[in-house]
Every structure is written in structure tokens, then in C-alpha cells.
Amino acid sequence: TDYAAEIIRELSGEYRLSDIFIIAKEKRLAEEDQQCMEKKQIPCEYLEREQPDFERNKVKVTTMHSIKGLEFKVVIIIGLNEGVIPYGGDFTEEDNKLLESEERKLLYVGMTRANELLYLSSHQKPSRFIREIDHRYLRFKRNSCFKPLYRVAVTDYKKQDQILDLYSKEELIRQWVLRELVDSYGYKESMIEVEYPVNHFSQKGYADLVVKIYHQGKEVPFILGEIKKYMAGIESAEKQAVSYMQALETVRYCLVTDGYRLKIMDRDQDEINDIPRFNPGMLPDTIERFRFKSYRNQQVLIYERDTDEPEAISIKLPDTELNHPIDETSSVAVYGDIVAGDPIDAREEMKEQFLLPSEWILQPENAFMLEVTGDSMQDAGIDIGDYVLVNRQNSAENGQIVIALLDGEATLKKYMQMGDSVLLIPENTRYEPINVKPEQVMINGIVIGVLKKTSRN
């Protein structure tokens, strides 16, 4: 009755009282409910089948046997307890099967009387008939994505390696919540942690579960859950959740449940209808964005790739963000870091690969990339962290930026040959040019482009 009254008050601004119908299995229960509603100052009347009055703006109450042929916008069926429906009488097995079949039909007739909203409630162990309904078609609350409690097989439990007692009664409820967070709300299992440590004043506790998101570059708890065994009550869990939420500054929502009751609160401890669903902004951005400048034609384009799917690339025009067509692509290896400063040992270990448009490359078999870790070429627009695209060759023209090898050591500089000398010129006034004889230097390749990491404006 309390649950039905709560629903009616919630719906009072959306529906007329006469749009709402309460159904009980027996006339005695229906009459008791009608009296309780009146005490709660909710206008309510028992519907007489022979002389029904649908004009008065009152909630109507009747029995399952009297409901056939009637329809209402909102139907609330109360008292769906095991032992009440189906009735747990002492009959023969054959009679019990017949009775169960008839009462199942009776309940389904009552359920089909609802045109818009249907509520099923029990105040004890729910009827097996409710458990027979596919949980995908039910919700714990009208404005919540949570499905009513259902059993998850132990073999299908999530986070098994983090659970101390797989067979505890609380674990039955937690696994339902974990499954709902993944299936109904879309959270990744990797975002959820159980037995999350919480330091509250001088004591250390463990939250039953948290959902973590990325915020300002850090992984932080966002939703907190406290679980109790079935029908154990949620009062103590609520107090625990509030204390944990106070200790965890980034938590914005908490839920407490015993599988029978579910309460969701925000940071201000106000009860709300639901928690947020997953959205990609809760995870680190997997899209890497680079500004590519070609040293062959000075063209500038935007290059994007998905780190989770490296072959998913796109090329865009920098001013309009319109897509630039890609005819063919080539895979280019990134080798060990090159310091754009004093020479270092050349390293040949491949670190990763980039899929690049073939039009950016001179010869795919000679193309490779290096990551810059120095600043001697910064005035040429090549900074620490940039990737230089190189065509492997042993000659260069004056003014080209090259990978030069000096006695087995590599450096990134501008190439300039003057008579019988070669100048390797930095583009930073803090560094001096390197003056060597032509036979002292070997050209390993010329830079044909640079990829500079950037972000969306």
C-alpha cells in the first residue's frame, strides 16, 4: 500500500486519479487497500462491477476476477507474493498444476489491462510468476534503467578474481548490479572495481563497488554502490555509502540496494531516479590528432587515427575540417628516438607503425619515421615529440633537413655543402653548426614531412 501510494503521488501531476487502477487478487485485499488510500488522503473507491462509475476523479480498486474487459492508463497490481499467487494450498500435484495455470492466466489478464504504465509489487517474497517474466521487459522503477533482481549463474560472475566469497548472499545481489551496469547502462567491465578501498578519517573500509571514469586525465571513482543480502534492508548500507561518498570527492552518485529496494542518491544525498548511462567521454580519448606539413609541397593537413583501431584514419582540411580523400595508404615504421641536438647513437628498434596516405611518401620501401626528443630544430617547426617522416637515401640537396650519421652517431639537421666542407645547421640559436668534411658524414635520409600532435580547438 505504501508503494502504491508513493506511485500515485508521483503520477498525480501527469495523470488524473481516475486514470489509475489498483488490482488485488482478493476482494478483502482490495478493500483494505482502498481504506488505506483514504487514510493517506488519496481519493479512492472500490469499483463495483455491476454499477461502475468512471466519472469521479478517484483511484479505482478492484480484484483480478472483476477486471476483465476494462482498461486503464495506469494499472498497479499489489500483493504479488509467493503463496498468494499462486495460492500455496495443500492439493495434489495435478490440482496444483491446474491451479497454477489458472492463476497465471488471471495475472496476465490483469497485466494486459494497462494501456501505458504497469506496476507489479509484492511486500514479501515475489511470486514465481514475476520471475517467469523476461527481465528485459521490466524495470525496477519507472525512470530507472535497472531491471528487477534476477539470478546470475556463479559461472557467469564478473570480477571473480577480486571476490572473497563467491557464494555469499550479498554476492547474489552485487552480481545483478554488476550485470546491469554493463548490460543496461553500457559501462565497460574494466571501468568497474569491487571491494574498492576507502580511507575515512582513521579507518579503512571497502566499498562494494565503484564505477571509475577519467576526469582531468585521471581515473577516479564516479559511482559508488553498497550492497546488502536480499530483503535485509538498506538503512545501514545507505549510511555507509554516504560516509564513503564524503571521503571520495569525485563520487557523484551512489546506489544502495538489497535486491528488493533500490535507492539512488546524488552528491547532495537527494534521492534521484537514476544514475547516468555510459558515454565515451568517460574514457580517455582514443583519437590521436596530428598536423601534417609536407616539405615537398608545403601542404598542411590534419591527420587523425584511433589508437584502438590504428587502421581507422582520416585526413581533413585544417580550415574547414572537411574530409580529404585517401586513395591508397602505406604502413610506415617508427624507429628509435632521434635527438635533434647533439648527435647520439642511431637506434634501429621499431617502436610502432603509422598508416599514412601513400601520396605523402616518395617510396614506400624507403619510408620510415623518427620521434624527435630535442629542440635544435624548433625554429624550423620541428619540436620535441614530433614525428619526422623520412625517405631513406644517401644524398641530399642544400637546404634539406636530413638524418646525418657521424661516426655511427645520428643527428637531425639542415644540410648545406660549401666547397670541401659540409655544414649541419641547427634551427635554434642555442646550438652551433657542425662543420665536417664530406667523407666524415653519411646521409641516411631526408625529411619529407613532419607530424605534430595537436588537439581539437
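The values are calculated or read from the model by the stated rules, or taken from the named source; none is laboratory data. Remember, predicted model here, so these are calculated numbers, not experimental data. All Cβ positions, glycine included, derive from the backbone under ideal geometry; neighbour counts span all protein chains shown. Side chains are part of the model used for accessible areas, which takes the heavy atoms of the whole protein and leaves out ligands, DNA and RNA. Shrake-Rupley method; radii C 1.70, N 1.55, O 1.52, S 1.80 Å.
Brief remarks follow.
- Counting DSSP beta bridges with both ends in the chain, the antiparallel % (nearest 5): 75 percent
- Student exercise, the stretch 394-446 dipole from Lys, Arg, Asp, Glu Cβ charges, in Debye to nearest 20: 140 debye
- For the stretch 8-106, averaging the sequence separation of C-alpha pairs within contact (under 8 Å, six or more residues apart) and dividing by the residue count gives a relative contact order of 32 percent.
- Solvent-accessible ranking of His215, His123, His135, largest area first, probe 1.4 Å: His123, His215, His135
- Taking a sphere under 14 Å around the Cβ of Arg174 and counting the other residues whose Cβ falls inside, with K and R at +1 and D and E at -1, yields a net charge of -4.
- Cβ-based charge dipole, the stretch 231-313, positive-most Cα from Asn297, Gln240, Val256: Asn297
- Mean-position separation - Cα centroids, the stretch 294-308 and the stretch 383-449, in angstrom: 23 Å
- Using C-alpha pairs below 8 Å separated by at least 6 residues, the relative contact order for the stretch 219-325 is 16 percent.
- Heavy-atom accessible area for Lys229, with the other protein chains in place and a 1.4 Å probe, reaches approximately 90 Å².
- Sequence of Arg291, Arg139 when ordered by accessible area, the most exposed leading, probe 1.4 angstrom: Arg139, Arg291
- For the stretch 1-117, the ratio of Cα radius of gyration to the globular rule of thumb 2.2 N^0.38 Å stands at 1.10.
- Heavy-atom SASA rank of Asp375, Asp285, Asp258 (probe 1.4 Å, accessible area, largest first): Asp285, Asp375, Asp258
- Relative contact order, percent, the chain [alpha-carbon distance under 8 Å, six or more residues apart]: 8 percent
- Gain in span if fully extended, Thr454 to Ser236, counting 0.36 nm per residue against the direct Cα distance: 73.5 nm
- Charge dipole (Cα centre; +1 on Lys/Arg Cβ, -1 on Asp/Glu Cβ; no other charges) of the chain amounts to roughly 1400 debye.
- Within the assembled protein chains, the solvent-accessible surface assigned to Lys158 is about 40 Å², based on a 1.4 Å probe.
- Listed by chain and number, the lysines whose alpha-carbon sits under 30 Å from that of Lys212, ignoring those within fewer than 8 places in the same chain, are Lys141, Lys147, Lys158, Lys159, Lys169, Lys188, Lys204, Lys228, Lys229, Lys239, Lys263, Lys453.
- With a Förster radius of 25 Å applied to the beta-carbon distance between Glu193 and Leu138, the computed FRET efficiency rounds to 0.35.
- Pairs from Lys40/Lys60; Lys413/Lys452; Lys68/Lys125 whose Cα-Cα separation, in the structure shown, is over 22 Å: Lys68/Lys125
- Accessible surface of Phe146 - all protein chains present, 1.4 Å probe, nearest 10 Å²: 0 Å²
- Charge-dipole axis of the chain as Lys and Arg at +1 and Asp and Glu at -1 on Cβ define it, positive-most pick from Pro280, Ile20, Ile192: Ile20
- Unit Cα scatterers, Debye sum, the stretch 360-443: log10 I(q)/I(0) for q = 0.15, 0.20, 0.23, 0.24 Å⁻¹: -0.54, -0.97, -1.23, -1.31
- For the stretch 158-209 versus the stretch 98-149, the inter-centroid distance based on Cα atoms is 28 Å.
- Label selected from (1) 29.1, 97; (2) 31.5, 115; (3) 35.0, 117, the criterion being Rg and Dmax of the Cα atoms in Å as computed here: (3)
- Taking a straight line from the alpha carbon of Lys351, these aspartates and glutamates sit under 18 Å away, with near neighbours fewer than eight places off in the same chain left out: Glu288, Asp306, Asp308, Glu309, Glu311, Asp337, Glu365, Glu371, Asp386.
- With a simple spin-label model that places each label point 7 Å from the Cα along the Cα-to-Cβ direction, the separation between Phe201 and Glu271 comes to 2.7 nm.
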